[in-house]
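Presented below is the structure to which this report refers.
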Amino acid sequence: MFGSTLKELTGIAAELGMPSYAGRQLAEWMYKRHVADIGRMSNLSKADRKKLEEHYALGNSDPVKVQTSVDGTKKYLYQSVGGRFVEAAYIPEGKRHTLCVSSQVGCKMGCLFCMTGKQGFQGQLTAGEIVNQVRSLPERDLLTNIVYMGMGEPFDNLEEVMKSLEILTEDYGFGMSPKRITVSTIGIIPAMRVFLEKSSCHLAVSLHSPFEEERRKLMPIEHVYSLSEVLSTIREFSPGKQRRTSFEYIVFKDLNHSQRHVNELARILNGIRYRINLLRFHPIPGTPLASPDDESIEQFQAALERKGLITTIRRSRGQDIYAACGLLSTKGQQDKKLQ
Ligand code: SF4
């Protein structure tokens, strides 16, 4: 039941013969008061609570493990249905408190630089399992931002991700502003279109190289949806809804930070309202990729800014606790295998 939209909750209430307003009451208990026990929903009659308990479970779970970095970043590990591990990272930074949520267990997309990709795909998360990462977070009331940048490709689990966004942003749910939520994708165009049409949340696109051939080696999705098609889709939608688009760009040593890359980025991003987030690569086992030194990243940033591109260098967070995407859950699976 947790993770159901208002429409679905109203349907559940009707199915059990409860009053028509009971759907809204259920939403209030679960998404505003964060009650994890049907028995505590005191404005529902005892008989209705009993019926609900007989037919439905709330399906909340608390983190099974937490690791805290010296910089304050925390990685929470949740156990999903079937004993699989899902991770969420809480990142405090001044007044900004961000939660990075997962949308799948593992991932099918096989990006060369990503630990989750190496795990392969193990299953979709339900909207309830996505929203539960927010609900069960000990720092929940401090949160200012949510980013869908944890395990998985959100647009490969579109329906559940859209439901989770509805619950997080609608008045009956958590009531967060869509401007506080960013969904990150490698560019699955049909699903991205649905998101751009129906949601006002921000979009982040993994770019990593402006050259399609080079990008293809890093991100196999380029074989299916080319970067130029991704960018023209964004251009089509960018005037509406005050939406902000950002591009994630991991800087890889000797690979994607030359002047040639600067020139091409300036060319292809012309006409899009955007920011480029430059990210340091967290080394992962089994890839030939490495991170350049800080000076090279700063030189790349300066060259981009000379071309008028808006950039930020993202600080590396939580490196001591396996902060790179997928590393903690991989460790969880390994620990489990060792038990
Ligand atoms: S970067 Fe994202 S889309 Fe690519 S393999 Fe990792 S989780 Fe999947």
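The values are calculated or read from the model by the stated rules, or taken from the named source; none is laboratory data. As the structure is a prediction and not an experimental result, all values here were calculated from the model. Neighbour counts run over all protein chains shown; Cβ positions are idealised from the backbone, glycine included. Remember, those area values only see protein heavy atoms, side chains included, never the ligands or the DNA or RNA. Shrake-Rupley method; radii C 1.70, N 1.55, O 1.52, S 1.80 Å.
Out of Ile272, Ile250, Ile310, Ile268, which single residue is within 30 Å of Val194 (Cβ to Cβ) and open to solvent by 50 Å² or more (accessible area, probe 1.4 Å)? Give the steps one after another, and end with the answer.
Numbers: Ile272 fails: open to solvent by 50 Å² or more (accessible area, probe 1.4 Å); Ile250 fails: open to solvent by 50 Å² or more (accessible area, probe 1.4 Å); Ile268 fails: open to solvent by 50 Å² or more (accessible area, probe 1.4 Å).
Residue meeting the stated conditions: Ile310.
Tell me yes or no: at least one residue of segment 81-101 is of a type in the set (D, E, K, R), open to solvent by less than 20 Å² (accessible area, probe 1.4 Å) and outside any loop (DSSP other than H, G, I, E, B). If you could, list the steps in order and put the result at the bottom.
Pass one, segment 81-101, residues of a type in the set (D, E, K, R): 84, 87, 93, 95-96.
Still in the list and also open to solvent by less than 20 Å² (accessible area, probe 1.4 Å): 87.
Going one step further and asking which of them are outside any loop (DSSP other than H, G, I, E, B), we end up with 87.
Looking through segment 81-101, at least one residue is of a type in the set (D, E, K, R), open to solvent by less than 20 Å² (accessible area, probe 1.4 Å) and outside any loop (DSSP other than H, G, I, E, B).
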For segment 156-166, what are the residues that are open to solvent by 10 Å² or more (accessible area, probe 1.4 Å), within 16 Å of the ligand (Cβ to nearest atom) and of a type in the set (A, V, I, L, M, F, W, C)? Leu158
Which number in (1) away from the ligand (no atom under 12 Å from the Cβ); (2) within 22 Å of Arg315 (Cβ to Cβ); (3) surrounded by fewer than 23 Cβ atoms within 10 Å (Cβ to Cβ) marks the one condition that Lys75 misses? (3)
Quick one: how many residues across segment 210-224 are within 20 Å of the chain's Cα centre (by Cα) and either in a loop (DSSP other than H, G, I, E, B) or more than 16 Å from the ligand (Cβ to nearest atom) (or both)? 1
What number of residues in segment 108-155 are in contact with a Ser or Thr (Cβ under 8 Å, 6 or more places away or on another chain), open to solvent by 30 Å² or more (accessible area, probe 1.4 Å), outside any loop (DSSP other than H, G, I, E, B) and within 12 Å of the ligand (Cβ to nearest atom)? 2
I need every pair where a residue in segment 280-292 that is touching a residue at least 60 places away in the same chain (Cβ under 8 Å) has its Cβ under 6 Å from the Cβ of a residue that is outside any loop (DSSP other than H, G, I, E, B), sequence separation at least 6 or different chains. Phe281/Ile250; Ile284/Met115
Evaluation of Arg317 against (1) more than 15 Å from the ligand (Cβ to nearest atom); (2) touching a Phe, Trp or Tyr at 6+ places or on another chain (Cβ under 9 Å); (3) modelled with pLDDT under 80 (one fails), failing number: (2)
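So is Leu143 out of contact with any helix residue (DSSP H, G or I) (no Cβ under 6 Å at 6 or more places or on another chain), farther than 23 Å from Thr287 by Cα, hydrophobic (A, V, I, L, M, F, W, C) and at pLDDT 95 or above or not? Reasoning before the result, please.
Working: out of contact with any helix residue (DSSP H, G or I) (no Cβ under 6 Å at 6 or more places or on another chain): yes; farther than 23 Å from Thr287 by Cα: yes; hydrophobic (A, V, I, L, M, F, W, C): yes; at pLDDT 95 or above: yes.
The answer is yes for Leu143.
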Restricted to segment 167-185, and to residues that are farther than 15 Å from Leu142 by Cα and open to solvent by 10 Å² or more (accessible area, probe 1.4 Å), which residue is nearest to the ligand (Cβ to nearest atom)? Ser184
Kindly list the number of the only condition in (1) within 9 Å of the ligand (Cβ to nearest atom); (2) in contact with a Phe, Trp or Tyr (Cβ under 9 Å, 6 or more places away or on another chain); (3) open to solvent by less than 40 Å² (accessible area, probe 1.4 Å) that fails for Val105. (1)
The one condition Ala57 fails out of (1) within 12 Å of the ligand (Cβ to nearest atom); (2) open to solvent by 40 Å² or more (accessible area, probe 1.4 Å) is (1)
Residue within segment 4-13 that is outside any helix (DSSP H, G or I), free of Cβ contacts under 8 Å to residues at least 60 places away in the same chain and loosely packed, with under 15 Cβ neighbours inside 10 Å present: no
Going through segment 156-209 one residue at a time, which ones are assigned to a loop (DSSP other than H, G, I, E, B) and within 30 Å of Asn256 (Cβ to Cβ)? Asn157, Ile186, Gly187, Ile188, Ser199, Cys201, Leu207, His208, Ser209
Return yes when Asn277 is closer than 26 Å to Asn145 by Cα and either open to solvent by 40 Å² or more (accessible area, probe 1.4 Å) or assigned to a strand (DSSP E or B) (or both) and no when it is not. yes
Scan segment 200-218 residue by residue and report those that are small (Gly, Ala, Ser) and open to solvent by less than 10 Å² (accessible area, probe 1.4 Å). Ala204, Ser209
Considering each residue of segment 297-313, count those that are in contact (Cβ under 8 Å) with a residue 12 or more places away in the chain and within 28 Å of the chain's Cα centre (by Cα), and give that number. 10
Test each condition in (1) more than 20 Å from the chain's Cα centre (by Cα); (2) at pLDDT below 95; (3) within 16 Å of the ligand (Cβ to nearest atom) for Phe252 and report the one that comes out false. (2)
